[in-house]
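Below is one structure, written out as structure tokens, with a few remarks after it.
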Amino acid sequence: MGSIQRCLEILRLSIREVFRQRRRYFGVMLAIALGTAGLIVVITVGRDVKANLNNDLDLLGGATRIKVIFQSTQPGRETVPAPRWFRPTTVDAVKAIPGVLQVSLAAFKNGPASSQTHGPACRFPLVGVDEAFWELNRFTPVAGRFFGREAVEGRQLVCVLGRDLAERLFGRINVAGSSVLIDHDLYAVVGVLGGIGIADRTGFAFIPFSTAQDRVHGFAHPDCLYVRCTTWDDVAGVAEEVPRVLDRFQPGDEIRVEVAWEQLKRIQRIAWWVETFIYLAIVATMILGGMGIWNGMMTAVRARTHEIGIKKAIGAEGPHILLQFLTESLCLSVGSTLLGIGLGWCGILLISRILSSEPSPALFVISGCSSIGFSLFLGLAAGLMPSIKASRMEVVSALKYE
């Protein structure tokens, strides 16, 4: 019981001393707290931030998208294959693959569609898509809007024109609300597709694939599957798993999985360097905080030399002095870390609100416990030498110190 009381008394004195010297230790505590907060935020919401980058940047949008199509011919067979399409059970199985964010179906008409408005007949590719096609590809309309689930389920006669096609047919871009004749059917133009990342689709026309099956000759069931992964780290695993799923649900159908591997590798390389610099900055901040603790404790030992001499003169032994200064160092590092954990939690809540995501409590607990463990090591490593120096002072020299 006496040992416990003595330890509690040393802890109380150490906390009081750290509080008394708070101005001296302010910079050190701030550095450790910010480093801890940064580490916790990066670990806890790093995946959500990465997913948000995938959702918002057009460059990443292409890198995290996988296109799955059927092989046009099979070796040793006739060049005219039997009709093939992705079955609902297959699509559901692909959606269940870990790392898959969205799945969209599309079908391309065999041969070009035609339309005639003011001049000669215009020929262009016609694509039947579902409501998820636009968000999966991160497309935005330059005029009007995109059709959604209601149009697909209702098999409506609506279409979205590519920007170049709209100019060829109407001589202008803002044609939302107009009507266009496509293969003898009159469609209402609800939007125009344009912007970055659409490649050659500016000359395409898009209609609901359910409407295409009903009204357009040359359309079959959806034979093109687009898969969007949650982050770029998931692409390789999903691309490897998709053929297994297809072989299990549609045996005998040969597919081709298309991934922008070069673009993906470039993005991953950039992301790796960014992450590395972030972690190096955090580690450097923590190391500087440790050096600050060491420097502060050495200064405290010199400033309190006379006090140490008095304590030794009235019976305090070297181990007691060492324990007191070491406890002060631990209080300083652990207290700064606890402050950093609080700042980190505030940062997590802020980023989660911005990204509309839920932070992982398990990751927060793991990162918080790891930070406390590291702070204990930091406090011991930084405070050990000053504590040893204080414990080895000679009583007479310490009392004479001015």
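Table for the structure above
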{"item": "Per-residue Cβ neighbour rank within 10 angstrom, fewest leading, Leu161, Leu330", "result": "Leu330, Leu161"}
{"item": "Between the stretch 89-148 and the stretch 227-247, the Cα center-to-center distance that results, in Å", "result": "20"}
{"item": "By average C-beta atoms within 10 angstrom, highest first, the peptides 241-249, 104-112", "result": "104-112, 241-249"}
{"item": "Cα gyration tensor shape for the stretch 158-286, rounded if a/c is under 1.5, else prolate or oblate", "result": "oblate"}
{"item": "Gained length - Leu350 relative to Cys369, 0.36 nm times residue gap less alpha-carbon distance", "result": "4.7 nm"}
{"item": "The stretch 93-206, Cα convex hull volume normalised per residue, Å³", "result": "110"}
{"item": "In nm, spacing of pseudo-spin labels at Ile287 and Glu394 (7 Å Cα→C-beta vector)", "result": "3.8"}
{"item": "Angle in degrees between helix 235-249 and the longest Cα principal axis of the chain, rounded to the nearest 10", "result": "50"}
{"item": "The stretch 64-260 shape via C-alpha gyration tensor axes, a/c threshold 1.5", "result": "prolate"}
{"item": "Helix 361-391 axis, angle to the chain major axis (alpha carbon atoms, nearest 10°)", "result": "30"}
{"item": "Helix-only CD estimate at 222 nm, as mean residue ellipticity for the chain, using -39500 (n - 2.57) per DSSP H run (n ≥ 4)", "result": "-19500 deg cm²/dmol"}
{"item": "Length added when fully stretched, Asp185-Tyr279, from 0.36 nm per residue minus Cα-Cα", "result": "27.9 nm"}
{"item": "The chain: most fluctuating residue of Gly154, Gly344, Gly191 per GNM, C-alpha cutoff 10 Å", "result": "Gly154"}
{"item": "Number of Lys pairs (Cα under 19 Å; 8 or more positions apart or on different chains) in the chain", "result": "9"}
{"item": "Convex hull of the chain built on C-alpha atoms - directionally averaged projected area, nm²", "result": "29.0"}
{"item": "Relative contact order computed over the stretch 248-402 (Cα-Cα under 8 Å; 6+ residues apart), in percent", "result": "42"}
{"item": "Gyration tensor (alpha-carbon) shape descriptor, the stretch 198-265, a/c threshold 1.5", "result": "oblate"}
{"item": "Net lengthening on full extension, Ala303/Met385 (0.36 nm per residue, minus Cα-Cα)", "result": "27.9 nm"}
{"item": "Relative contact order [Cα under 8 Å, 6+ residues apart], the stretch 64-260, whole percent", "result": "36"}
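Every number here is computed from the coordinates shown, using simple stated rules; none is lab data. Just so it is clear, the structure is predicted and the values come from calculations on it, not from any experiment. So basically every Cβ, Gly included, is an ideal-geometry build from the backbone, and we count neighbours across all protein chains shown.
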